[in-house]
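In what follows, a single structure is set out as structure tokens and then discussed.
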Amino acid sequence: MSRDCEDKTFLGKVPSEQSEKLVIIEVEDSSSDSLSFRMNNFSLMRSLDIHEDPTFIPEVAAGVTEDKSEAESTSDVIKRLTDARSDSAKNGFSFKGIKDYLECYRSGKLTPSQVAKNIIAMLEDCDKSTPPLRAIVQWDQEQIMLMAEASTTRYKNKCTLSCLDGIPVCLKEEFKVVPYHHRVGTVYLGTQPETEDATVAKKLREAGAIIIGVSNMHELGTGTTGCNPNRYHKIPRNPYNPNHFTGGSSSGSAAAVAAGLCPVAIGTDGGGSVRIPASFCGVVGLKGTFGRISCHGCLPLSYSTVSVGPICTSVADAAIVYSILAEPDLLYPYGLKQPKATLSDMCAPDLKGLKLGVDWTFFKACDAEVLSACEKAVKHLQSLGASVVEVSLPEMEEARVAHVICILSEMRDFLQPDFNKHFHEMNLETQASLALASQFTALDYIKPPHTHGKIHPSVFCCEIMLDGRAPQRTCHQSCTMIPNCGNGVFFCKGRDADEQSANVRHEFCEPRGPIGQYSLRLQANRQRTRTMRFLQEIFSTVNCILTPAVPCTAPRIHECDLLTGSSDMSFTVRSMRFMQLGNFTGIPGLVVPIGYSTAGLPINLQVMAKWWDEAVLLRIGLKLEQFRDQTKKPSIYYDILA
């Protein structure tokens, strides 16, 4: 493979078990579209004439909320959730969740220190097993025991910090967690141990949680299988069948929860990266509203699509973690004006009065086994008093393409220095994804406004935003020009900026290259404006939108994947089918296990709601859990409380 990666795109693995070769499509002229580009309809944005102003950040102001002064407080709801007795005896196997750990600690059956010793023994076993689970890729025995012993003392003195005190958790390697290496799934990042926690890690420590390590992930979050064959990570195995993928990119987080290593894991979701692995591994995944949970201390791969969320054993656990993590963070610029996170009506006895929106044409685009289970789950929700309303989700293909253009363009820009300096250290799939993103020209990502036939030369007002999340360029080095509002104002963000505050400074940049010849709007983000408006109209008539979580079950791992990785663009596109709407527009989504395929692989249903209304997701999710008659025990499962 030549070094001139700008002129290549990677199509993927030959669809044959006998071949271990990877196909690379050569593109002689970078101005022409690659086969992969055309196959995935990425040129669609070029043919659209969209009049709306663009929306660059899907941050939505909180609407007027109902007065629920008489409703249960969040602390009361959490108490009910944690005090509820386990129904494991009734239904056979059940995952050990937060309430199970709390019962052991409160009764004196086990202490956090004893649990920590069990976890350390299990982590050692994971590394020695064949094949290795590879869920947790960095852990430190001394660190685990220090946190556990402090928690044990608090239980002894009856001064626990929260209902997460003593609860084992892990965080995706995309987060900064002291003292681990912030590698983000690569072999070249995080050369030194981290000295500062991400906001999420800090909040978990303050709540008394035991951080057992950082979890595996798809390299730089660029895929949905979780396949990462590099030397630090290797391929995490699906606990339900170790010959199948976990899903990605928060692959290790989902595997750790499904394998029983911890009841709570934290991931990031820019294109389903919490919800896809949670679904493939048969656990619960919550993607909050854009900005709801702070991304500070998380590598800003795509600043307009990524949300943080928990992967848990149950909806109740997801609600508990959400209630602790969801609040404004002055170190993170989005979600500062979010409404208070509540769990109102979560424990209501039924779903009477709720309207569930379903676009059946969109809903049915999945495998037969998945469709059958999901349709039955919808009927279950109806039996609890909810009504199903048929809705239409317009322009979903346009939204899909626009989302891919946004996320890949943002990642490609942020990772430009890495792409140039560390190209040969990246997995082939990562090289391919970033090379594909290089083919998105200004006409795909940016389009001139309507000027009645006149295109005006322009000088751009650039704001250097010092939030540490956007493409890292300074104005007078390589102005990337990413708009921050609809009036033609652009901003750059730089690694070299000296200021430490969240303030901005304005400078004028000379237009550079062909992009600087026009006063430009972002075409893909014009589509975002339209899609968000469509959703606002839909949510005026329904409380949520239901879809399958993923159109299929977890794919099989092939031998060649272990050496070279896996890049199947058609699978990536298909796996994100029901995910992208939430990332593109910023609405929250929850995936809940509802059954299994004939091969024993998990199937989940997704519930999406309007911005900031995670409470209704959790209320519906709690009832949705009741649909599954029996929870199957994963092939790989560690009972930490045994």
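Values in this text are rule-based calculations from the coordinates and carry no lab data. As the structure is a prediction and not an experimental result, all values here were calculated from the model. Cβ atoms come from the backbone with ideal geometry, glycine included; neighbour counts cover every protein chain shown.
In table form, for the structure just shown:
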{"read-out": "Summed side-chain charge close to Pro602 - residues other than Pro602 whose Cβ falls under 10 Å, Lys, Arg +1, Asp, Glu -1", "value": "+2"}
{"read-out": "Segments 324-333, 274-283 sorted - mean Cβ within 10 Å per residue, highest first", "value": "274-283, 324-333"}
{"read-out": "Phi-based couplings in Hz for the range 96-111 (Karplus 6.51, -1.76, 1.60; Gly and Pro marked x)", "value": "7, x, 4, 5, 5, 5, 5, 4, 5, 5, 6, 7, x, 4, 9, 10"}
{"read-out": "Shape of the range 296-373, Cα gyration tensor, a/c cut at 1.5", "value": "oblate"}
{"read-out": "Alpha-carbon centroid distance for the pair the range 578-640 / the range 123-202, whole angstrom", "value": "25 Å"}
{"read-out": "Cα→Cβ-extended label distance, 7 Å offset, between Gln114 and Glu375, nm", "value": "5.0 nm"}
{"read-out": "Shape call, the range 531-630: gyration tensor on alpha carbons, a/c limit 1.5", "value": "oblate"}
{"read-out": "Two-site label geometry, Glu625 and Glu390: point separation in nm, points 7 Å out along Cα→Cβ", "value": "3.4 nm"}
{"read-out": "The range 277-379 - percent relative contact order, Cα under 8 Å, separation 6 or more", "value": "23 percent"}
{"read-out": "Distance (nanometres) between label positions extended 7 Å along Cα→Cβ at Arg80 and Lys364", "value": "3.8 nm"}
{"read-out": "The range 220-265-the range 282-332 distance, computed between alpha-carbon centres (Å)", "value": "18 Å"}
{"read-out": "Cα gyration tensor category, rounded, prolate or oblate, for the range 586-642 with a/c compared to 1.5", "value": "prolate"}
{"read-out": "Distant-in-sequence amide H partners of Ile210 (H built 1.01 Å from N, under 5 Å)", "value": "Gly166, Ile167, Val169"}
{"read-out": "Gain in span if fully extended, Glu397 to Lys632, counting 0.36 nm per residue against the direct Cα distance", "value": "81.0 nm"}
